[in-house]
Amino acid sequence: MKKLKPVCIFFTVFLIFCLSNGNGYAKSKKSDTEKIKVFVSILPQAYFVERVGGSRVDVSVMVGPGQSPATYEPMPRQMVELGKAKLFFRIGVPFEDVWMDRISRAHPKLKVIDTRRGVQLFPMKTHHHHEDTQHDERGRSRKDPHIWLSLKLVKIQAKNICDALISVDGVCGEYYRENLKAFQDDLDKLDVEIAQNLKGAGVRKFMVFHPAWGYFARDYDLEQIPVEIGGKDPGAKELVNLIEDAKNDGIKIIFVQKQFSEKSAEALADAIGGKIIQIDPLAKDYLNNMKMIAETFRMAIQLP
Ligand SMILES: [Zn+2]
């Protein structure tokens, strides 16, 4: 009997951790050390894990604001921090190809969760004048990694995150499942709203410098035309083709993102008498960002 008592106290304290949403126990110094330390590759994933893990998780991000998941290299400080983490949620962005093995070798106890499980990947959509492959440093063809930009696919990723958290913290299973449901409901709601808003648009095509919006386009029956060719600026000849396409399709807006150079996009916009608009596929404030981006798309594709 003497041994049971501390176990009971431990359990009660644990339950309070699970249920408190960032207040009470969860704010105390002690609970900080009890939090599950996890790593994710990109900022939107931090939002996903925080939605499901709530006050139970302490999330660190590999690719910081303004950095590109294609060219990123971990900092020494991050390699050390990884040693304190329990879980790593990978998603399939290019830097993982180079670094995931090294990270696992350096930290054999770190559990790497592939959040692509159950997600159907499609090939990278490239410009129709070319047979190139994107995001590939070793010359292999590559699937489109931008699965976080589909609300439908994020529902699957969130479920994978929930399962992984339960696998290391089963005592809070109910808490994680409730958070998952609330998050998935929000995703469903926004998905319906965006579909509704984009339904009436006459022009279904849009141009974007870096082709991050393939899954988004698929979800809402749009067509993405990338400006970037094989991860590089288009040459003069390709630019001429793009200008012709834009004119034929009535495209006046070219989307760019801050992680990539936009010189060719600017030149293209000048040539078609249109303009460039910056959208950020890597913002952490995920739902609000997607809502804003959908609104930007609606305006862009409804222009005459
Ligand atoms: Zn990308």
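The values are calculated or read from the model by the stated rules, or taken from the named source; none is laboratory data. Just so we're clear, the structure is a prediction, and the values are computed from it rather than from any experiment. Cβ sites come from the backbone with ideal geometry, for glycine too, and all protein chains shown count toward neighbours.
The table below lists the values:
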read-out	value
Residue within the stretch 221-233 that is at negative phi and assigned to a helix (DSSP H, G or I) present	no
In the stretch 187-209, residue farthest from the chain's Cα centre (by Cα) [restricted to those that are over 11 Å from residue 298 (Cα atoms) and surrounded by 16 or more Cβ atoms within 10 Å (Cβ to Cβ)]	205
Some residue of the stretch 124-135 being at pLDDT below 95 and among the β-branched types (Val, Ile, Thr)	yes
Some residue of the stretch 193-204 being touching a strand residue (DSSP E or B) at 6+ places or on another chain (Cβ under 7 Å), closer than 22 Å to residue 65 by Cα and either within 16 Å of the ligand (Cβ to nearest atom) or not assigned by TED's automatic domain parsing to the domain that holds residue 41 (or both)	no
Subset of the stretch 248-264 [polar (S, T, N, Q) and assigned to a loop (DSSP other than H, G, I, E, B)]	257, 259, 261
Where a residue in the stretch 61-79 is in contact (Cβ under 8 Å) with a residue 24 or more places away in the chain and farther than 13 Å from residue 283 by Cβ and its partner, wherever it lies, is more than 16 Å from the ligand (Cβ to nearest atom) and assigned to a loop (DSSP other than H, G, I, E, B), with Cβ under 8 Å and at least six apart	62/74
Answer residue from the stretch 145-174, given it is out of contact with any Phe, Trp or Tyr (no Cβ under 9 Å at 6 or more places or on another chain) and either within 16 Å of the ligand (Cβ to nearest atom) or in contact (Cβ under 8 Å) with a residue 60 or more places away in the chain (or both) and is farthest from residue 69 (Cα to Cα) among those	174
Qualifying residues in the stretch 258-273 (those that are modelled with pLDDT of 90 or more and not hydrophobic (A, V, I, L, M, F, W, C)) - the one nearest to the ligand (Cβ to nearest atom)	270
Residue within the stretch 238-253 that is within 16 Å of the ligand (Cβ to nearest atom) and out of contact with any Cys (no Cβ under 6 Å at 6 or more places or on another chain) present	no
